[in-house]
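The values are calculated or read from the model by the stated rules, or taken from the named source; none is laboratory data. Just so it is clear, the structure is predicted and the values come from calculations on it, not from any experiment. Here the Cβ is made from the backbone with ideal geometry for all residues, glycine too, and neighbour counts use every protein chain on show.
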């Protein structure tokens, strides 16, 4: 199912029982792979082949809603591109050949989801911060082409802090030529909430984040990923939502194209006890307010297990 064709997901909808367990389990470990982890994505309606090129868990954000335990780190200075290639080719081969569906973790997946939807850069840190990022994108593009999977997307899920970097500039032509998409994080409309929610280190200006998204979106349509939630019991107020909508309009006014805005709330247990999920009704009200403010941009809301990859490096 292509969710971009619908206005919102249905609260509480989706699989139940063992199949739901497969859909909701998005652990970043498959067999003995270091970088590659396939997951069932209800949002994508199929299999997402996750690429975690940050298994060292280093990140320049400390998002309140992040579920990654960064107390345990791995000492990995560079991405082993040969290993990444081998693991990705293995996952694509097992999925395309149907063998992956015999594994206990995937055996309960419904027939409609037994398809490869995308290869997604999403993991325990910010993928675009890696100097090898463009080389990793080339590995993904080559593996996809070798497997005859031209329709499969390459999705880059990013916190938007390195969109102006040399490695992203080198990667963009590869993505454009290989059905690639940028999914850019934007969790706030004001600097104040940005600092509280995303906790960038070193400090970042939200203006610079929005400028980076605008520049990239001028060359291709991007997906905006946003996660709203309660902090110490309080969700984002009307003024914050108005400021967020103004940021979307700023991107459009600067020549950026927005394919879709995905509104999420917390789906898995965060490390911070102050972060709690919004109810379905609360998320729906926020989505409707943003639709009224920016009617030219498609807005979708995702609840609970609807999310396969939250922008949460």
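What to note about this one:
- Of all residues in region 107-137 being over 29 Å from residue 198 (Cα atoms) and part of a helix (DSSP H, G or I), the one that is nearest to the chain's Cα centre (by Cα): 113
- Only listed residue being modelled with pLDDT under 90, farther than 29 Å from residue 193 by Cα and in contact with a strand residue (DSSP E or B) (Cβ under 8 Å, 6 or more places away or on another chain), chosen from 49, 40, 100: 40
- Single unsatisfied condition, residue 91 versus (1) part of a helix (DSSP H, G or I); (2) within 26 Å of residue 302 (Cα to Cα); (3) modelled with pLDDT of 90 or more: (2)
- Only one of the numbered conditions (1) surrounded by fewer than 18 Cβ atoms within 10 Å (Cβ to Cβ); (2) closer than 21 Å to residue 261 by Cβ is violated by residue 187, and that is (1).
- The set of residues in region 276-304 that are outside any loop (DSSP other than H, G, I, E, B) and within 19 Å of the chain's Cα centre (by Cα) comprises 283, 287, 299, 300, 301, 304.
- Test: residue in region 263-278 that is surrounded by fewer than 16 Cβ atoms within 10 Å (Cβ to Cβ) and at pLDDT 95 or above: no
- Within the set 253, 217, the sole residue that is modelled with pLDDT of 95 or more and either surrounded by fewer than 17 Cβ atoms within 10 Å (Cβ to Cβ) or more than 17 Å from the chain's Cα centre (by Cα) (or both) turns out to be 253.
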